[in-house]
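The values are calculated or read from the model by the stated rules, or taken from the named source; none is laboratory data. Remember, predicted model here, so these are calculated numbers, not experimental data. As a convention, Cβ positions derive from the backbone with ideal geometry for all residues, glycine included, and neighbour counts pool all protein chains shown. All accessible areas refer to the heavy atoms of the entire protein, side chains included, with ligands and DNA or RNA removed. Shrake-Rupley method; radii C 1.70, N 1.55, O 1.52, S 1.80 Å.
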Amino acid sequence: MGSGMTMIPQTPDSGRLEQEQFLKILSREDALARFEIALFPRAIPREARKLADALGAALAEDITAPVDVPPFDRSNVDGFAVRSADLAAAGEGTPVRLAVNGETIHCGIAPTLQVVEGTATPIATGGPLPRGADAVVMVEHTQPAGPDAIDVRRAASPGQFVSYSGSDIARGEALLRAGTIIGSREIGMLAACGIAEVIVARKPRVAVISTGDELVQPGQPLAPAAIYDTNGAIVAAAIDENGGEAIFLGAIPDDEAKLEAAMRRALSDADMLVLSGGTSKGAGDLSHRIIGRLGQPGIIAHGVALKPGKPLCLAVCDGKPVVILPGFPTSAMFTFHDMIVPVLRRMAGLPVRSDARVNATVPVRISSELGRTEFVMVSLVEGRDGLIAYPSGKGSGAITSFAQADGFLRIDAMADQMPAGTATEVTLFTPHVRVPHLVIVGSHCTGLDLVTAQLAHAGLSVRSIAVGSLGGLAAAKRGECDLAPIHLFDDKSETYNTPYLVDGIELVPGWRRMQGIAFRKGDKRFEGLGAKEAVAAALADPACIMVNRNQGAGTRILIDRLLGGARPEGYWNQPRSHNAVAAAVAQHRADWGMTIAPVADAVGLGFIPFAEEHYDFAFVTARKQRPAVQAFLDALRSEEARTALERAGFRPAWPLSD
Ligand code: AMP
Ligand code: MG
């Protein structure tokens, strides 16, 4: 997510939008320019490193070769050092006889005898050329002629099989430039020149603090209403990836005194401080208040017209950058890469990061907030005419989208949407597009992972994009995927999936999933009843709260059928997944909801079966012969998948039993 560093500051008020919550919302360019002006130019601290410890460091100065490599004229082959003029007449029928001199030049042996006219000296690969010789003939092109002579049947040109002194690296030549990251090849060049120590940019020490009463470190048990500290780990790793040395100081509760003490300690020790959380100006948001007391000039920008990432806070305290990233991990990462990485790399003496970009088309309309530069993570698949970029719309609170996405696209601050079919540029998270072997677009089911696991073990990569049944079917029709998992009920025919097929798309049976009422075990209102009676009992109790599903979900159709027009308490709570329904019931926010049996089982809920749903696969016929598609079909029909699916509570539907 590299951005230009030599940003020209805009006129003072350009791109600035007033917002009540934040003092001033700056445009991304404006905020970055102000931050950089407050920090640069600055001296980059340097340190000497032994070659063995220099891997990954950035050179702080240009390096000039102190010696010639090779240091002497050297033979490239095993053979004889000769005078080429002696062999001018040599040929297959006219061998030239040379007397062999009384020394052999092995590697590390300095020659003592001159090669005079009519003589040759045995020489090994890497041996220094003796005085008088100007070429080498290969041993294969000579024949012994008695104990002290050889016959040569080929002419030799001057310089043949000789590497001249300095031909690899010449003394005084610029060997490596400042800013070069030292890898194994650079280490090799330095060693060849005899350099044992280099001056590198000292990695900026960056203190990392997470803030929030709710945060628990990975490895610790999760208390109710607590969440794991994601930012601490991801920010520290991203700092190390970009030339810094992260010092993670843990999560500090939202307590002004404790936080201030931690921030002061961090700044006394480190070159830079990166906090996350506590910027959205809620009740517990303290860090930005504390910054004002830590040093001059203090806050440079608080509120940037970025999405995700508006609550970003940039400050400089007595020359040290202090950054407060938004709490949501995805927002934290986008702002970190977009706004902080350029500054960190500059402090670390590294060149601007260059990210690979590709052109792609968006298959669906993406709405966007007017006035904020918006970054949207996308997964790439190959369409009929080039790459297609699917937005992975999990929102800024999501973290998985980061790992599963291939890159991101950018929607201009002045646009309120990106229409379907727009050709756009995608910045990749990886150096190249990773084209998966198998592309699955449609409805997701945990059972699917049990099938694709076999492909992964066989070294086949699978990209699975969850866009719902209808979205998957549309993608299949456009030829953007190999198969689309669907569970679409047709009211008219009262059958699943088949009525939705078109030419070029064929159905392969998947499995059946039992939909039903989930409730907490022991709840007398539901225990022992059938689904219809259970819902009647729930409706009769005004204290009973339900959890619904989103409009368009297959499950929602079943719920509405059962409710028959009733709108009980909780009806408007409409989460988008089976798991969210189970969590709401398990955590007492609701008393019942409809979900699938394996999901209810997994959290220990009671379950009343209602209807079996058909989860099948719409295959694109034209792509069915592809090896990865065949591998999927094999995996689907394997005994291994059957066992795993049954164990997880699904009922495999092949061979077709109904
Ligand atoms: P805040 O800016 O503190 O209001 O946080 C915004 C959201 O991000 C809240 O849902 C926080 O729980 C969440 N959050 C804050 N810090 C972290 C963190 N280190 N890891 C994961 N989530 C976080
Ligand atoms: Mg917080």
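Between Ala226 and Arg293, the C-beta separation translates, for a Förster distance of 41 Å, into a calculated FRET efficiency of about 0.90. Within the same chain, lysines fewer than 8 places from Lys524 are excluded, and of the rest, those with a Cα less than 30 Å from its Cα are Lys532.
Note down the accessible area of Ile150, probe 1.4 Å, to the nearest 10 Å². In the full protein context, Ile150 sits at about 10 Å².
Our helix-only sum for the chain, with -39,500 (n - 2.57) per DSSP H run of n ≥ 4 divided by its residues, gives a mean residue ellipticity at 222 nm of -6000 deg cm²/dmol. For Lys50, the lysines whose Cα falls under 17 Å of its own Cα, not counting residues fewer than eight places away in the same chain, are Lys203.
Sorting Phe35, Phe161 by accessible area puts them as Phe161, Phe35; the probe is 1.4 Å, largest comes first, and only protein heavy atoms count.
Counting only protein heavy atoms, what percent of the accessible surface of the chain is carbon or sulfur at a 1.4 Å probe? After summing per-atom areas, the C and S share lands at 54 percent.
Considering only DSSP states other than H, G, I, E and B, which GluC sites (Glu not before Pro) in segment 424-512 qualify as loop sites with at most 14 other Cβ atoms within 10 Å?
On the way: sites: Glu425, Glu480, Glu494, Glu506; in loops: Glu480, Glu494.
Sites meeting the loop and neighbour criteria: Glu494.
Taking only protein heavy atoms and a 1.4 Å probe, what accessible area per residue, in Å², does the chain have with all protein chains in place? Numbers along the way, then the final one.
Numbers: 29850 Å² over 658 residues.
Spelled out: the 1.4 Å probe surface of the chain, per residue, equals 45 Å².
Computed over neighbours whose Cβ is under 12 Å from that of Ala537, the net charge equals -2, Lys and Arg +1, Asp and Glu -1. If R0 equals 51 Å, the separation of the Cβ atoms of Ala420 and Glu140 corresponds to a calculated FRET efficiency of about 0.15. By a 1.4 Å probe calculation restricted to protein chains, Lys532 has an accessible surface near 150 Å², given to the nearest 10.
GluC sites (Glu not before Pro), restricted to segment 557-658: which are DSSP loop and have at most 12 other Cβ atoms within 10 Å? Hits after loop and neighbour filter: nothing returned.
For the chain, how big is Rg over Rh, using alpha carbon atoms and the Kirkwood form of Rh? Let's see the in-between values first.
On the way: Rg = 35.0 Å, Rh = 30.7 Å.
Computed over Cα atoms, the ratio is 1.14.
At the residue level, Cys313 shows approximately 0 square angstrom of accessible surface with a 1.4 angstrom probe and all protein chains present.
Residues with beta-carbon under 14 Å from that of Ser368, excluding Ser368: net charge, scoring Lys, Arg +1 and Asp, Glu -1?
Values: positive: Lys307, Lys310, Arg365, Arg372, Arg410; negative: Glu369, Glu374, Asp412, Asp416.
Summing Lys/Arg as +1 and Asp/Glu as -1 gives +1.
Bridging of Lys24 to lysines at a Cα separation below 20 Å is possible for Lys281, Lys307, Lys310, once same-chain residues fewer than 8 apart are set aside.
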